[in-house]
Amino acid sequence: MANPIALPLYEKIPRKNTLQRLFDILIFFLLLSLLIYRFLFLKNHGLTWLLAFLCESWFTFTWALVISTKWNPVDYKTHPDRLLQRVPELPSVDMFVTTADPVLEPPIITVNTVLSLLAIDYPAHKLACYVSDDGCSPITYYSLVEASKFAKLWVPFCKKYNIHVRAPFRYFSSNPQTFGGSSSDFQQEWKRMKDEYERLSHKIEDAVQKSVPSDFTGDFAEFSNTERKNHPAIIKVIWENKTSLLDELSHLVYISREKRPNHPHHYKAGAMNVLARVSGLMTNAPYMLNVDCDMFVNNPKTALHAMCPLLDSKSENKIAFSQFPQVFYGGLKDDPYGNQLVVLFKYMGHGLAGLQGPFYGGTGCFHSRKVIYGLSPDDVDSVNEKMANNILSNFGSSKELIKSGANALKGKTDPPSNLSNSIQASYQVGWKYGSTVEDVHTGLMIHKRGWRSALLSPNPPAFLGCAPSGGPSAATQQKRWATGLLEILFSKSCPIFATLFGELQFRQCLAYLWILMWGLRFIPELCYAALPAYCLITNSHFLPKLIF
């Protein structure tokens, strides 16, 4: 039997796609043949022929980008059992949950995501959960306080019976014998947990209906006279694991960053940087997980899977983040609005995994803090004082933040003994501004420095989320994505520049171009779709005539 110490923590397994390659190449040559034919007879035809030629040229170029991206698909297979044998002490992880609107994102959804994070299979004293509330809602804070009380019962229950689905709303919607067992003791505890969760849900529902959970006294005094876009920073430690016990509840911290009407807040990127800054002052874990408030943990061993490529000796200084695909539950059949991102993750994602790595998806991603702070792969083992000072010069004037940043770059944590000792500061490192798709922008800048990323698809899926089910909400979301992607394409962060002047690989650059040009595709598609109607009206043609 092989020595587990010598075995890798993960494997990259190439997918067999010979037949798919043949079909892709065949389609590409057919498109090229059509272009050559149109070009040769371009002078003999009018405007419709020229428009068809331009549209088909765009389709051919796009298809070439697709072929390049899909050509070498790989699967990552992780071995968390080997990780536990090889790593005597797992690294700490700061978990970030972002929510922005208590109406569009009901607090009960955020609560379920937080509860699933607190209950993952990972040493509790190595975890800290930070919730960013961009809506500055006392209801969200109240819900988290009540959830922390329930978590003291829920987390031990999940670990005692090895519950697989650890988001209560999802778990209790299933047969208890499906997830847990059938013993009388289990049945009694299951009923007790369900009653406690229903009690928690009723409390949160009552608070939502009342609009405010209290009279803004005591613990809620900081929420008085606050407006959603005009309020000071509010940081409250809901629960602190002071004893650092394995079976204790993990740290839970509520954060609502400062907002002022005339000061740009940079949307989610600004919230993520505040989370990185506050967590750096409090726990300063070397790794950070970020999830949206509606993406609950579906696989309790998610963190262990993520650590395999991040801690493996052959890739520790190469892989910057572990990205899990976005998988959704309860979506519309056949996904008519394309909200479930099937093409991106199922077909293109594994091709990206064979290049420099998948794009950063904005949720379900484990980051290395030192990479977010700006470190490059070549500098990991040789962080000198000059290099550290150059990076830390962007951290603002907070001595405490600079100290935590220096510790992070050197691989140390050294958190304070009391989480409440938090100091506000600002800096220009971390999640990138300038685009409404800060995730793709940030991932591009990480790949530009030469880092790689890993796409992990464990069974069952690591996270499950809820995709928009209606047309208007889907259109709004996709408009924001298209706008943000074009902002990156026509900026100094363009992947072409990242390849010419950075460490972005050429084929990775082509893959980024494929996604960034998504907002432009409607132009040739609408034009090509309108050509038949135009030809009927003008008695012209854009397709070659058959000669008998």
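The values are calculated or read from the model by the stated rules, or taken from the named source; none is laboratory data. Note that the coordinates shown come from a computational prediction; the quantities given were computed from them, not determined experimentally. Here the Cβ positions follow ideal geometry from the backbone for every residue, glycine too, while neighbour counts run over all protein chains shown. Calculation scope for accessible area: heavy atoms of the full protein, side chains included, ligands and nucleic acids excluded. Shrake-Rupley method; radii C 1.70, N 1.55, O 1.52, S 1.80 Å.
General observations
- Among strands (runs of 3 or more DSSP E) entirely within the stretch 228-305, having at least 3 residues that are open to solvent by 40 Å² or more (accessible area, probe 1.4 Å) singles out 234-239.
- Members of the stretch 317-354 that are in a loop (DSSP other than H, G, I, E, B) and open to solvent by less than 10 Å² (accessible area, probe 1.4 Å): PHE324, ASN339
- Among the residues of the stretch 114-137, those that are buried (at least 24 other Cβ atoms within 10 Å of the Cβ) and either part of a helix (DSSP H, G or I) or in contact with a Gly (Cβ under 6 Å, 6 or more places away or on another chain) (or both) comprise VAL114, LEU115, SER116, LEU117, LEU118.
- Meets criteria (outside any helix (DSSP H, G or I), open to solvent by 10 Å² or more (accessible area, probe 1.4 Å) and of a type outside the set (Gly, Ala, Ser)) for HIS164: yes
- Residue pairs whose Cβ atoms lie under 7 Å apart, separated by 6 or more positions or on different chains, with the first residue in the stretch 103-129 and more than 29 Å from SER473 (Cβ to Cβ) and modelled with pLDDT under 95 and the second among the acidic types (Asp, Glu) and open to solvent by 10 Å² or more (accessible area, probe 1.4 Å), are ALA124/ASP247; ALA124/GLU248; HIS125/GLU248.
- Residue within the stretch 470-482 that is at pLDDT below 95, outside any helix (DSSP H, G or I) and touching a strand residue (DSSP E or B) at 6+ places or on another chain (Cβ under 6 Å) present: no
- Answer residue from the stretch 502-522, given it is touching a residue at least 24 places away in the same chain (Cβ under 8 Å) and open to solvent by 50 Å² or more (accessible area, probe 1.4 Å) and is nearest to PHE39 (Cα to Cα) among those: TRP518
- Scanning the stretch 355-380 for residues that are assigned to a loop (DSSP other than H, G, I, E, B), of a type outside the set (A, V, I, L, M, F, W, C) and on the phi < 0 side of the Ramachandran plot turns up GLN356, PRO358, TYR360, GLY361, THR363, TYR373, SER376.
- All conditions in (1) of a type outside the set (Phe, Trp, Tyr); (2) in contact with a helix residue (DSSP H, G or I) (Cβ under 8 Å, 6 or more places away or on another chain); (3) modelled with pLDDT of 90 or more hold for PRO213, with the sole exception of (3).
- Residue ID - surrounded by the most Cβ atoms within 10 Å (Cβ to Cβ), chosen from residues in the stretch 523-540 that are among the hydroxyl-bearing types (Ser, Thr, Tyr) and in a helix (DSSP H, G or I): TYR528
- The residues of the stretch 449-469 that are surrounded by fewer than 22 Cβ atoms within 10 Å (Cβ to Cβ) and either among the polar types (S, T, N, Q) or not in a loop (DSSP other than H, G, I, E, B) (or both), listed by number, are ARG452, SER457, ASN459, SER469.
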